[in-house]
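Below is one structure, written out as structure tokens; the observations come after it.
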Amino acid sequence: MASIGNWFRVVQKENDRLSGLESDFEYRERWITIRLVYFSGFLMFLSFGVVTTGLWPYLQDMDPMVEKTFLSIVFAAPPAGQLIFSPLIGWCSNRLSSIRVPFVLLTALFVFGNVLYSVVELFPVANRKYILLLSRFVFGISTSINTLNRAYISTATKLAERTSAISMSSLAQTLGLAVGPIIQAVLSTIGKEGFVWYGLRINMYTLAGWICALVGVIYIIFLNPSCFVHRTIAAQEAMKTIGSSVATDTYEPLRLFSIWTIMIGYGVLMFFYVSVQTALSPISLDQFAWSHEESLYYLGILMTGGTLCSCAVYLLLPQLCKRFQEHNVFLFFAVLPLFISQVVMIPMGSKTIPMSVSSHNGSTVGDGCPSEQEWCNYIPPINHYQLTVSYTMLCISFSVGIAVSQTILSKQLGTRPQGNWMALYTSIGGITRIAGPISVIIYVRFGTYWLFGLGSVVSGVVLVWMWYHKRHLRTTKKTTYTAEMQQMTVSAP
């Protein structure tokens, strides 16, 4: 309980005080800012979690003529915005004395994107799907804040603090994913008709956007200069350790193969996570003959349950990293669950998929698989148990993978400014998230055998490849782990 109290009070430990790197006041400023940075991750993933389950039915309500393939474009818009602007944001972070202004500007874009998402109905029907697409692109630009998030935490923490700080940042993102579907599930009780307030339609879709926008405005208030103070300490710690007054003396040679190995692993996790998230709503509507309201409600419960399970595993992550090396945690608690999540979803049995009575341009009305998807006539359906187990494995894989891959990458980069590298890391995630929505096209045209069969093959190959090359990450892990232990020994009284 005392440690929890110290976490909220932001009290510097005696060991940290004896290191002489910062005063109690500077320590407090640094950690208040780090915790504000945590919240940026929570905010972005909150919006992602809220919108994901309702995006397809909302798109259909705004434009009944829209096809499922356009959903892939809408899902690709946020990573496209992130991909375009992350390199610029990373470049700026290496040159600005403070990241506070970029934080404020990107959060303002976040607010604007969510407001635009909530007022799509005010535009002509023919333009609505493009306005919704624009709102998701603007949201994607705002998620470039994750580049600043990762780069700042890497330079604003000591080596012994790094793993814990990155883990807390990832936990904040995971909690955003958990809270988002809960909000959407609760809002589903309002229904898609809702009510009109001052000319604005307030329903289960638009209210989600308004809530995210409101939280974004509150966050901007806390980004004022008295709360958000840019402070770094990693370079100072390294300079003191080697007895140098020049920061560049602390830079170590880059292990490029290890860096690219962990980046590729992270990209694969992102690709499959977005693929399933994109296809989840169409799959549930087709395979289970759910209505839009039922889809929102049950998928909200599923996503919340999976994310909470992921949080439970995530809270065990510090202990896992003490017992096992970080590359093994990444392999067995991220890549392996990803492989299981794909294999489990391969349809089995002799039952038939329920077919819809009516459809229009490939769009279902929520009562089964449309006749245009001919594969529905001979491929057995996915059952609820398969979907539950698969999604739980996917959430565990995603959350553990983000935390551990970023931790390994940060330690490999050392004390050098990490803005450009973290921008590349974020951009790789953006590229895979753009490619991820292709899952809807594969699902609509070829069916679940092809979608999850290919997923099983690709994730299996990545699992074997990561296992074969894990020795490269093991060398890095041992080096950084030894450095952490030495730092803790030096700072001990």
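The values are calculated or read from the model by the stated rules, or taken from the named source; none is laboratory data. Bear in mind that the values here come from a model prediction, so they are computed numbers and not experimental data. FYI the Cβ positions are ideal-geometry reconstructions off the backbone, even for glycines, and counts take in every protein chain you see. For the accessible areas, the whole protein counts, side chains as well, though only heavy atoms, and no ligand, DNA or RNA atoms are used. Shrake-Rupley method; radii C 1.70, N 1.55, O 1.52, S 1.80 Å.
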Mean Cβ count within 10 Å, highest first, over the residues of peptides 28-37, 428-437, 402-411: 402-411, 428-437, 28-37
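Suppose every K and R has +1 on its Cβ and every D and E has -1 on its Cβ; what is the size of the dipole of the chain about the Cα centre, in Debye to the nearest 20?
On the way: 32 positive and 23 negative charges, 272 e Å.
Charge dipole, the chain, about its Cα centre: 1300 debye, nearest 20.
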Mean-position separation - Cα centroids, segment 119-139 and segment 414-471, in angstrom: 29 Å
Amide proton proximity set for residue 369, modelled H, under 5 Å, gap of 5+: 355, 356
Trypsin sites (Lys or Arg not before Pro) within segment 51-117, DSSP loop, no more than 11 other Cβ atoms inside 10 Å: 95
Positive-end residue of 239, 132, 114, charge dipole of segment 22-250 with Cβ unit charges: 239
Whole-angstrom Cα spans of segment 136-177 along principal axes, big to small: 38, 21, 8
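Subtract the Cα-Cα distance of residue 445 and residue 122 from 0.36 nm times their separation in residues, and report this length gain in nm to one decimal. Each step should come with its number before you reach the end.
Values: separation 323, 0.36 × 323 = 116.28 nm, distance 3.34 nm.
Length gained between residue 445 and residue 122: 112.9 nm.
Summarise the accessible area of the chain (1.4 Å probe, protein heavy atoms) by the percent that is carbon and sulfur.
Details: 13890 of 20090 Å².
It is 69 percent, rounded to a whole number.
Rolling a 1.4 angstrom probe over the protein heavy atoms, how many square angstrom per residue are accessible across the chain?
Details: 20090 Å² over 493 residues.
Here the residues of the chain average 41 Å² of exposed surface.
Where the only charges are on Cβ atoms (+1 Lys, Arg; -1 Asp, Glu), what is the dipole of segment 22-250 about its Cα centre, to the nearest 20 debye? Write out the running numbers ahead of the final one.
Details: 16 positive and 12 negative charges, 25 e Å.
The calculated dipole for segment 22-250 is roughly 120 debye.
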For the chain, calculated [θ]222 nm from helices alone, where every DSSP H run of n ≥ 4 adds -39500 (n - 2.57): -24000 deg cm²/dmol
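I'd like the chymotrypsin sites (Phe, Trp or Tyr not before Pro) in segment 255-353 restricted to DSSP loop residues with at most 15 other Cβ atoms within 10 Å, sorted by number. Before the final figure, lay out the partial values.
On the way: sites: 257, 260, 266, 271, 272, 273, 288, 290, 297, 298, 314, 324, 330, 332, 333, 339; in loops: 288, 290, 324.
Answer by residue number: 324.
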Answer label for P(r) over Cα pairs in 10 Å bins from 0, in percent (calculated), chosen among [x] 3, 15, 18, 15, 13, 12, 11, 7, 4, 1, 0; [y] 4, 20, 30, 25, 14, 6, 2, 0; [z] 4, 18, 25, 22, 16, 11, 4, 1, 0: [y]
Between helix 470-491 and the chain: long-axis angle, C-alpha atoms, 0 to 90°, nearest 10: 50 degrees
Nearest 10 degrees, 0 to 90: helix 68-93 Cα axis against the chain principal axis: 20 degrees
On Cα atoms only, tilt of 125-142 relative to the major axis of the chain in degrees: 20 degrees
Accessible area of residue 348 in the full protein assembly, 1.4 Å probe (Å², nearest 10): 140 Å²
Of 129/192; 13/470; 13/322, those spanning more than 25 Å from alpha-carbon to alpha-carbon: 13/470
Per-selection metrics, segment 22-250 (Cα): Rg and Dmax in Å: 20.0, 68
